[in-house]
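Participant: Got a structure for you, questions after.
The values are calculated or read from the model by the stated rules, or taken from the named source; none is laboratory data. On a predicted model such as this, the values are computed, not experimentally measured, just so you know. Virtual Cβ from ideal backbone geometry, glycine too; neighbours counted across all protein chains shown.
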Amino acid sequence: MLDPKLLRSDPEKVATALARRGLELDLEAFETLERRRKELQVKTQELQNLRNTKSKSIGRAKAAGEDIQPLLEEVASLGDELKVAEEALKVVQEELRQFMLHLPNLPHESVPDGRDEEDNREERRWGEPPEFGFEPRDHVALGEALGGLDFEAAARITGSRFTVMHGATARLHRALAQFMLDLHTGEHGYREAYVPYIVNDDSLYGTGQLPKFAEDLFRLEEERPWYLIPTAEVPLTNLLRDQILSPEALPFKVVAHTPCFRSEAGAYGKDTRGMIRQHQFDKVELVQAVRAEESFDVLEQLTGHAETVLQKLGLPYRVVTLCTGDLGFSATKTYDLEVWLPGQGRYREISSCSNFVDFQARRMQARWRNPDTGKPELLHTINGSGLAVGRTLVAVMENFQQADGSIRVPEVLRGYMGGLEAIAPE
RNA sequence: GGAGAGGUGGCAGAGCGGUUGAAUGCACCGGUCUUGAAAACCGGCAGGGGUUAACGCCCCUCCAGGGUUCGAAUCCCUGCCUCUCCGCCA
């Protein structure tokens, strides 16, 4: 959520920033609501004050043994008047809240303007796309030949956009997740967490998936508003909801390996082949919460942590800064890591690293106590995939394929694979 | 699934429906004392919001949401959560 004070004090600035996202801020609607809110709030609080004062004097009079009847008559109509005012205030405040909840974060000044991914800015490349002495196959062809990927079985068991993995391929998938976790906990200083895969709506409001993106989520058939997590960002960041951290607890760094569930409504026809876009996929997620002045440095740092995974695996990739039109709802700045996929002959997103500044923290009241002021201050949250495990498997298969259809196991994974050097058809 | 107990400030723990946002202790911060530290003593110490140039003033919050009342932490209803015992279970 944006700072309501900023919106009140400098609405033009907010409007200009949101315009970069192609969004027109309805200033008039906001100002009308805001005017009514102020009016009603002042009035309500005056009435509450009056009620409190009168009630106290009644208490005092009663204790003194005086006749309270005239006092009671005096306040007789107050209750109703107050109730009306409170009711009206509540309505306006809810409208205002909804208005605020639907506004995305302001793009950072370093973010390039643009409409869609075509306008993303490439920052750097690492590694060289491999040269094959043969026509490289995509992971679907490779996986089916190996007996390691079975899309048909998955479709029978559930439906489209699911995968069954078998044998060494399934193990490779597990090895990747293990490797990533070990790297981030062992070398990058993150604390491992195991979290619920089902979250309530408050958590989803906190990170910004709700209220706007309900159609991307799987909601449970429950009377309670429970959802499958679309990313571990939701449970991990919500560890901080309604918390005030002490300065020693910073920087807060956690990592978790979880499945992610996405409905992919509106993605009909996109990436229908293979396991690029699935309803269920595994991801290792990095989350940090830091003091405000550090968050942009930390974004660079966290992006580096995700890049390290690709480098250690030996997978060529590039880094792009998302343009204003491609930027997610809650983020002020995002780097995407795109890995080279020989089967597609192009770079595809494998990680997304974002700084949310205080946007999520304000929604979930995630704070730390600044010893200089003694006051709680909003944290800044940063997160990123480190990495999407399914897509990493795809990248390993396609980049390390050999002429006979076998897959070379990257050095760093061999310890997790019982020393296996290559995956051959079973 | 059955039976019971309970949810108050960072923690522990009081709180006849009235001047209690909340006693007391611990923790924490500042000060006095001390060569220094400890002890002792003095003082401070919840969060959110409104209003103000500022000092300040005001409102809301004792799990959450409703209700009763002039007035609710205290009474009533619903939900959530925690604990204990029995049953079942990975």
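Participant: Do we have any residue at all in segment A:59-74 that's assigned to a helix (DSSP H, G or I) and of a type in the set (S, T, N, Q)? If you could, list the steps in order and put the result at the bottom.
Facilitator: As a first pass, look at segment A:59-74 and keep what is assigned to a helix (DSSP H, G or I): A:59-63, A:69-74.
Keeping just the survivors that are of a type in the set (S, T, N, Q) gives A:69.
The answer is yes, given that some residue of segment A:59-74 is assigned to a helix (DSSP H, G or I) and of a type in the set (S, T, N, Q).
Participant: Quick check on this structure: which one of A:Tyr268, A:Tyr205 is under 30 Å from A:Gly189 (Cα atoms) and hydroxyl-bearing (Ser, Thr, Tyr)? Working first, answer last.
Facilitator: Values: A:Tyr268 fails: under 30 Å from A:Gly189 (Cα atoms).
Testing whether each residue is under 30 Å from A:Gly189 (Cα atoms) and hydroxyl-bearing (Ser, Thr, Tyr) leaves just A:Tyr205.
Participant: How about segment A:16-29: which of its residues are assigned to a helix (DSSP H, G or I), more than 24 Å from the chain's Cα centre (by Cα) and of a type outside the set (Ser, Thr, Tyr)?
Facilitator: To start, the set of residues in segment A:16-29 that are assigned to a helix (DSSP H, G or I) comprises A:16-19, A:27-29.
Applying the additional criterion that residues be more than 24 Å from the chain's Cα centre (by Cα) yields A:16, A:27-29.
Residues satisfying the conditions are A:Leu27, A:Glu28, A:Ala29.
Participant: The conditions are (1) among the small types (Gly, Ala, Ser); (2) at pLDDT below 95; (3) in contact with a strand residue (DSSP E or B) (Cβ under 6 Å, 6 or more places away or on another chain), and A:Gly384 fails exactly one of them. Which is it?
Facilitator: Here A:Gly384 clears every test but (2).
Participant: Could you list, in sequence order, the residues of segment A:74-96 that are near RNA strand B (Cβ under 9 Å from one of its atoms) and hydrophobic (A, V, I, L, M, F, W, C)?
Facilitator: A:Val75, A:Ala76, A:Leu78, A:Leu82
Participant: So if I check each of A:Ser203, A:Ser246, which one is over 21 Å from A:Leu337 (Cβ atoms), among the polar types (S, T, N, Q) and under 13 Å from the mean Cα position of the chain (by Cα)?
Facilitator: A:Ser203
Participant: Given the residues A:Glu187, A:Glu221, A:Glu192, A:Glu152, which is the only one that is among the acidic types (Asp, Glu), in contact with a Ser or Thr (Cβ under 7 Å, 6 or more places away or on another chain) and surrounded by fewer than 15 Cβ atoms within 10 Å (Cβ to Cβ)? Walk me through how you get there before you give the answer.
Facilitator: Numbers: A:Glu187 fails: in contact with a Ser or Thr (Cβ under 7 Å, 6 or more places away or on another chain); A:Glu221 fails: in contact with a Ser or Thr (Cβ under 7 Å, 6 or more places away or on another chain); A:Glu152 fails: in contact with a Ser or Thr (Cβ under 7 Å, 6 or more places away or on another chain).
From the options A:Glu187, A:Glu221, A:Glu192, A:Glu152, the qualifying one is A:Glu192.
Participant: Give all pairs with beta carbons closer than 8 Å in which a residue from segment A:193-208 that is at positive phi meets a residue that is part of a loop (DSSP other than H, G, I, E, B) and among the hydrophobic types (A, V, I, L, M, F, W, C); count only pairs at least 6 apart in sequence or on separate chains.
Facilitator: Qualifying pairs under 8 Å: A:Gly208/A:Phe329; A:Gly208/A:Phe356.
Participant: When only residues in segment A:1-33 that are hydroxyl-bearing (Ser, Thr, Tyr) and within 15 Å of RNA strand B (Cβ to nearest atom) count, which is surrounded by the most Cβ atoms within 10 Å (Cβ to Cβ)? Step through it out loud before you land on a result.
Facilitator: Filtering segment A:1-33 for residues hydroxyl-bearing (Ser, Thr, Tyr) gives A:9, A:16, A:32.
If we keep only those that are within 15 Å of RNA strand B (Cβ to nearest atom) too, we end up with A:9, A:32.
On the way: A:Ser9: 10, A:Thr32: 13.
Here the residue is A:Thr32.
Participant: I'm told A:Asp271 meets every condition in (1) in contact with a Phe, Trp or Tyr (Cβ under 6 Å, 6 or more places away or on another chain); (2) at positive phi except one. Can you identify the failing condition by its number?
Facilitator: (1)
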